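I have placed the structure first, in the form of structure tokens, so that the comments after it can refer back to it.
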Amino acid sequence: DTAVSQTPKYLVTQMGNDKSIKCEQNLGHDTMYWYKQDSKKFLKIMFSYNNKELIINETVPNRFSPKSPDKAHLNLHINSLELGDSAVYFCASSQVRGGTDTQYFGPGTRLTVL
Amino acid sequence: AQSVTQLGSHVSVSEGALVLLRCNYSSSVPPYLFWYVQYPNQGLQLLLKYTTGATLVKGINGFEAEFKKSETSFHLTKPSAHMSDAAEYFCAVTPNTDKLIFGTGTRLQVFP
């Protein structure tokens, strides 16, 4: 009964490949997020969706494309992977949009680009 | 622009000792403040948050934090550290927008 789940947990791939990370939440939340955590543990938001609508897009290269087929899912597709894309990617969700609401994080996907 | 500064990327304490993790923020509007904890190889989990009202906020696992507007601080404390508290701790601010702005994190080590 995992609240926020991500697949895969680990992803190792070559430069130039295209890959996707999937996220699902079973909390009934309206808002979902993608964060990137770099090798120094710094966390930065990438995207946020509310009811399948993109509400935050934080100067992320357009090689990154989020897709929300429904409120419970937010997937991240990455084209032409680069070495600098190596990081841990976290999905999160909150009941509503807005700064006061608690965000629930998935376990993360560790992406390694060789 | 809003930002969060966590002083000390590493903090080490002995089991049973006081834990103090520092967080200062800058915000042009009254902020909402959070502390999240990340255990090894896991996602983040909310420890506590301040939105409005009482400035001393109690969270899970015996942690608490006090919002001090005059000092623009939101330090996290716990009277007595346990080995299980060893983790990465993140302070975050959200100034009435949808996004969390995180600090750079503080790694807490607890020695027996």
Check: Over the Cα atoms of the stretch B:60-112, how large are the radius of gyration and the largest Cα-Cα distance (Dmax), in Å?
Finding: 13.1, 42
Check: Each residue of the stretch B:58-72 in order: what ³J(HN,Hα) in whole Hz does its phi give by Karplus 6.51 cos²θ - 1.76 cosθ + 1.60, θ = phi - 60°, with x for Gly and Pro?
Finding: 9, x, 7, 6, x, 7, 8, 9, 10, 7, 10, 5, 5, 9, 6
Item checked: Shape metrics for chain A, restricted to C-alpha atoms - Rg then Dmax, Å -> 13.2, 39
Item checked: Within 10 Å of each Cβ in B:36-44, the average number of Cβ atoms from other chains -> 5
Checklist line | Hz values of 3J(HN,Hα) by residue in the stretch A:64-79 - Karplus curve (6.51, -1.76, 1.60), Gly and Pro given as x | finding: 9, 9, x, 9, 10, x, 7, 4, 8, 10, 9, 9, 10, 10, 10, 9
Next item on the list: Give me the distance in nm between label points sitting 7 Å out from Cα along the Cα-to-Cβ direction at A:ASP70 and A:ASN17, one decimal.
Entry: 3.0
Item checked: 3J(HN,Hα) from dihedral phi, the stretch A:56-61, Karplus parametrisation 6.51/-1.76/1.60, rounded to Hz, x for glycine, proline -> 9, 9, 8, 6, 8, x
Check: Hey, got the average number of other protein chain Cβ atoms within 10 angstrom for residues in B:55-67?
Finding: 0
Margin query: How shielded is A:43-52 by partner chains, expressed as the average number of their Cβ atoms within 10 Å of its Cβ atoms?
Written below: 3
Check: If we restrict to alpha carbons, what Rg and Dmax does the stretch B:1-92 come to, in Å?
Finding: 12.9, 38
Next item on the list: Equivalent ellipsoid semi-axes for the protein assembly as shown, as square roots of 5 times the alpha carbon gyration tensor eigenvalues: give them largest first, rounded to whole Å.
Entry: 30, 20, 16
Notebook entry, point to check: Roughly speaking, what is the centre-to-centre gap between the stretch B:1-68 and the stretch A:35-114 when only Cα atoms are used, to the nearest Å?
Noted result: 23
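Computed from the coordinates by the stated procedures, all read-outs in this text should not be read as laboratory data. As the structure is a prediction and not an experimental result, all values here were calculated from the model. In this analysis, Cβ positions are derived from the backbone assuming ideal geometry, glycine residues included, and neighbour counts consider all displayed protein chains.
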